[in-house]
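Notes to accompany the following structure.
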Amino acid sequence: MFNKDIAGRLAKLKTPFYYYDMDMLDKTVGLIRKEAERYSYKIHYALKSNANERILSKISSSGLGADCVSGNEILMALKTGFRAKDIVFAGVGKTDEEIITGINNDIFCFNVESIQEMEVIDKLSSERNYTSRIALRINPDIEAYTHKYITTGIEETKFGINIWELDNVIETLHSLHNIELIGLHFHIGSQIRRMNAFKSLCTRVNELQTWFENRNITIDHINVGGGLGINYDDPDEIPDFEEYFGIFNELLELRSGQTVHFEPGRSVTGQTGSLITRVLYIKNGSHTNFAIVDAGMTDLIRPALYQAHHKIENIISQKAREKYTVVGPICESSDSFGKYIELSLTERGDLLAIRSAGAYGEVMTSNYNLRNKAPAVFSVDL
Ligand code: LLP
């Protein structure tokens, strides 16, 4: 991705910044569309993974829908060209104001996470003479084999409605007249690399479909959420959408006319972005050399928050390799991007690329230490 020419151009820019490879984004979006179209699957891109306006405009122009988790995400999705009829709105804590934003814009569906939320959506809808379409987000109690902070589908996380509560849900639904149940929604976690987790999800969806069928409730669509992981060791690898969709095609037992919806985030944007940072100082420790860089956990919090691994490359130096611990300038020991990692011999002024940072990178930046937020640079503008 970073040949000498690109590295030379990047070296002239003020660091740190997010660098987006728009070719990679095109390829990834093209591939996910092609593979999803085989089975007429509907894709709602999860804005939370990257809400950069130019990235969003590109994704919306390819015809994908949007998965939003706040009123502002709905407004941003509309602003960047996503159609209201392709927007789903999830989240355990939707405020009245955010629900009204969804209603006023006639979005496709609210993914509802509790009985009380259902009642509030019904009330706000009835006050506006409107019927909201909802999907029940059910907690399927499935292990996703990923980091505990991004596991969402096991019992006793705050997400979704527990299976044992479904009888109550159905009873409540009968008493509400301004919501229409159109779907079932699931999301078991993020950065899932073991496909068995998705297979177990399919089995649970099949069981639940029978449960609803036995109660004469028709479901139009099944939304299986997002979660497909990316290969952080190989930032040039596009996720295997063929295998992923193939699992659902093989294992989901759909009823006639049902559509299947997905909410991928990381798998769409993850490999398109790198955080580019400059080496400020090399400092010798007793066991390691520290490469102190000008990006910190304020620019990319994933390593500090989830002990996440991002491949790091020196894109300037071609010299023999050495081990470094790459750290940022923030006054926290967790402000580290990688311990004892091999880099080409690194000097003050070199540029490091922290790869696979397109998802949950720029969106999770902060101004801690009153630092400026890293701007975005696009390959097509270089
Ligand atoms: N749908 C729902 C309901 C979600 O909660 C999420 C992500 C997605 C879709 C998209 O999942 P993806 O395809 O991106 O895995 N900040 C963390 C990830 C948090 C994921 C939250 N939910 C990280 O940096 O790893």
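The values are calculated or read from the model by the stated rules, or taken from the named source; none is laboratory data. Not measured: the values here are computed from a predicted model. A quick note on method: Cβ atoms are made from the backbone with ideal geometry, for glycine too, and the neighbour counts reach across all protein chains shown.
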The stretch 251-267, residues that are farther than 16 Å from LEU228 by Cα and either of a type in the set (Val, Ile, Thr) or outside the structural domain of LYS42 (by TED's automatic domain parsing) (or both): THR259
Some residue of the stretch 275-295 being out of contact with any Leu (no Cβ under 7 Å at 6 or more places or on another chain) and within 24 Å of ALA359 (Cα to Cα): no
Residue satisfying all of: in the stretch 27-67; touching a residue at least 40 places away in the same chain (Cβ under 8 Å) and among the polar types (S, T, N, Q); farthest from TYR244 (Cα to Cα) among these: ASN52
Count - residues of the stretch 325-364 that are touching a Phe, Trp or Tyr at 6+ places or on another chain (Cβ under 7 Å), away from the ligand (no atom under 16 Å from the Cβ) and in a strand (DSSP E or B): 6
Residue within the stretch 197-207 that is in contact (Cβ under 8 Å) with a residue 24 or more places away in the chain, touching a Cys at 6+ places or on another chain (Cβ under 8 Å), surrounded by 15 or more Cβ atoms within 10 Å (Cβ to Cβ) and assigned to a helix (DSSP H, G or I) present: no
Top-ranked residue in the stretch 226-283 [being within 10 Å of the ligand (Cβ to nearest atom) and among the hydrophobic types (A, V, I, L, M, F, W, C); ranked as surrounded by the fewest Cβ atoms within 10 Å (Cβ to Cβ)]: ILE230
